[in-house]
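The values are calculated or read from the model by the stated rules, or taken from the named source; none is laboratory data. In this text, all values refer to a predicted model and were calculated from it rather than measured experimentally. Here Cβ is always computed from backbone atoms with ideal geometry, including for glycine, and neighbour counts include all displayed protein chains.
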């Protein structure tokens, strides 16, 4: 059965109504259904650079593993919609929308979390400063230390003492690679601590080193200490008086509850294989982000209203059809962004506003061709069909070139530029669909109405005068 033109147009509009219902499902509720980027809701943006050291040389595999671990840490932090991307060869961009505690977030995402257990007797003589220790090692910075040497800082216990520094050349008795789990606990004085459990290999190594220390203590008649070192800092140094089986250990000391929780988080996610340094940090307040969002929405709304009014004034009834198509375009656009879980940023909103003009531009081309056909003496229905045929190539040429540009930008760019490319590409594709399918169906139905024959209302005149 062959459908008439009117039936096809009606069927097209029924499909459009179904699409609008689907878009509304993804849009509702409008206040919380759309993901907002860091620049719109505030948060923290950090650029980290991998450091190439003898102890932790940077590699491509190490960068991939580091990104995975940072993602894991951020997810455990509970940050909504984080973005962790590699930039260039040795940089990592981290965006944390809505983050409130900037200092804690920085400490967690960039913490190397190298956990080591040392026999304190391997520490040797202390130095009073880091500079003195490095001079003794013959290097200018800790990054220049040989792979088999470690600078360890033992913080002062109270104000009457000072920090001590050690150059440790011994291999740690146990490392964090054998760690199986960690959780927050409380000691006998109800102070926070970190309880750790080792895997089978780590538990065996821990039992052996504690047995060795306990036996030596019996022989020497002195307490033996096992230093728990995290990222080169002695977190605690418990006395060992007997072999400890079962792979149980704990870190006690000067922890607040939040500090203990953060330490557990980094221990649970594992050590970073590469040392990172913060080279750029940008914090955006929630108030500033909200102001940016409001300004962007106002700009888009004002632009939409001005375009709609212009189309009504210049094209009259045809302009009303264009405005209806534009409203459908805007709803479908919003629904698509939410359906694909896209993050909306300021550059993304700029791309959306730009495509509003492009969506109307396609209608302008169609109306201009229809008007030319009517002026040539054709009926409105015939003029609509002929006008669409003549306008189609121009619409496709203009939009496909822009679409190709958007695809290239999305593939090659990162961050905000990529967001701009995404909304631009979606908007261009949707504007072609709106013009070729929706506007055509609406015009086809309009051509069958009596009002389409009124040139005053339609702006379509049959005058064919020519000037020499």
If I ask for residues that are in a helix (DSSP H, G or I) and closer than 21 Å to residue 344 by Cβ, which ones from region 21-70 would you list?
22, 23, 24, 25, 26, 27, 38, 39, 40, 41
Scanning region 106-128 residue by residue, those at pLDDT 80 or above and more than 30 Å from residue 205 (Cα to Cα) turn out to be 128
Determine which member of the set 146, 82, 155 is within 38 Å of the chain's Cα centre (by Cα) and at pLDDT below 80.
82
Here is a list: 278, 313, 309, 264. Which entry is surrounded by fewer than 16 Cβ atoms within 10 Å (Cβ to Cβ) and within 25 Å of the chain's Cα centre (by Cα)?
278
Can you run down the residue pairs with Cβ atoms below 6 Å, 6 or more apart or on separate chains, where the first is in region 100-123 and outside the structural domain of residue 151 (by TED's automatic domain parsing) and the partner is crowded, with 21+ Cβ neighbours inside 10 Å and at pLDDT below 75?
none
So which of 221, 217, 185 is assigned by TED's automatic domain parsing to the domain that holds residue 114 and surrounded by fewer than 15 Cβ atoms within 10 Å (Cβ to Cβ)?
221
Given the criteria surrounded by fewer than 19 Cβ atoms within 10 Å (Cβ to Cβ) and in a helix (DSSP H, G or I), does residue 366 qualify?
no
Selection within region 214-223 - at pLDDT 85 or above and in contact with a helix residue (DSSP H, G or I) (Cβ under 9 Å, 6 or more places away or on another chain)
216
Across region 133-154, the tally of residues that are more than 21 Å from residue 114 (Cα to Cα) and surrounded by 12 or more Cβ atoms within 10 Å (Cβ to Cβ) stands at 4
Selection from region 235-245 of residues surrounded by 15 or more Cβ atoms within 10 Å (Cβ to Cβ) and in contact with a helix residue (DSSP H, G or I) (Cβ under 9 Å, 6 or more places away or on another chain) yields 235, 237, 240, 243, 244
Given the options 191, 242, 204, 222, name the one that is under 25 Å from residue 265 (Cα atoms) and either under 36 Å from the mean Cα position of the chain (by Cα) or without any contact (Cβ under 8 Å) to a residue 60 or more places away in the chain (or both).
204
Give me the pairs: first residue in region 290-312 and over 21 Å from residue 364 (Cβ atoms), second residue assigned to a helix (DSSP H, G or I), beta-carbon distance under 7 Å, and six or more apart or on different chains, which are they?
292/39; 292/40; 292/346; 293/40; 296/346; 296/349; 299/353
If a residue counts only when it is within 30 Å of residue 59 (Cα to Cα) and out of contact with any strand residue (DSSP E or B) (no Cβ under 6 Å at 6 or more places or on another chain), which helices (runs of 4 or more DSSP H) contained entirely in region 247-341 have at least 2 such residues?
257-269
